[in-house]
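Reading through the structure tokens given below for one structure.
The values are calculated or read from the model by the stated rules, or taken from the named source; none is laboratory data. Just so it is clear, the model here is predicted, and its values are computed rather than measured. Glycine gets a Cβ as well: all are built from the backbone with ideal geometry, and neighbour counts include every protein chain shown.
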């Protein structure tokens, strides 16, 4: 069954292709000295190798799914360490693995409601929408270049220096790399789940095999798909924290007597 997000993506692709076709016909008519509106069958270009295109797309997705991204994330637990510390072990308390699964669900829900709209907004930003194909990627590259220059040398009259927030940067970077919109959203949530699972392994809550079982599970895939469907139409101004207590756990991380992760 086709989802609303997939229908929207298909409609946008059709609109882009129709505009490209119209522009190509106009240029062909001009080059052939034909009056405006005359129809000429488009010249077929040699089709690219679909196998090579698929391999390139897979390579990009594998790079983005690497555990090194986001850089430095391995040093943080996204609040998991504080969450576990605020649920001390007793004879009647849930097992650490049970607590972990509860935290993972809440953490993904929080990220989807507060950050996913910014990923989507940056990916489909109007300044990129005016361009198509390679020119859209060029516009996104230019945006990243301007941001990098501002970080290296902020304006002297700027009240606040620029800050790099992962969600919009993820949206622009995946647009540059030509990643499909749904793949960009899915990878954003999956990479967070992978980071939390990795933290659970280092905190001795899960073993390596248990961690891979969680990442490969149908439950995680269904949870991520559901969050994308729920928030794919949320505007940035409507984004917000849906799990307020998560901010308390993160905020109290520095108060722990001992800790293995950064706050």
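Data table
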quantity: Residue ID - surrounded by the most Cβ atoms within 10 Å (Cβ to Cβ), chosen from residues in the stretch 205-248 that are more than 24 Å from the chain's Cα centre (by Cα) and in a helix (DSSP H, G or I); calculated: 210
quantity: Hits in the stretch 95-125 (condition: in a loop (DSSP other than H, G, I, E, B) and under 19 Å from residue 201 (Cβ atoms)); calculated: 95
quantity: Filter result for residue 251 (modelled with pLDDT of 95 or more and surrounded by 11 or more Cβ atoms within 10 Å (Cβ to Cβ)); calculated: no
quantity: Residue match in the stretch 177-200 (condition: surrounded by fewer than 19 Cβ atoms within 10 Å (Cβ to Cβ), part of a helix (DSSP H, G or I) and free of Cβ contacts under 8 Å to residues at least 40 places away in the same chain); calculated: no
quantity: Per-region count, the stretch 201-214, residues closer than 25 Å to residue 58 by Cα and in contact (Cβ under 8 Å) with a residue 24 or more places away in the chain; calculated: 1
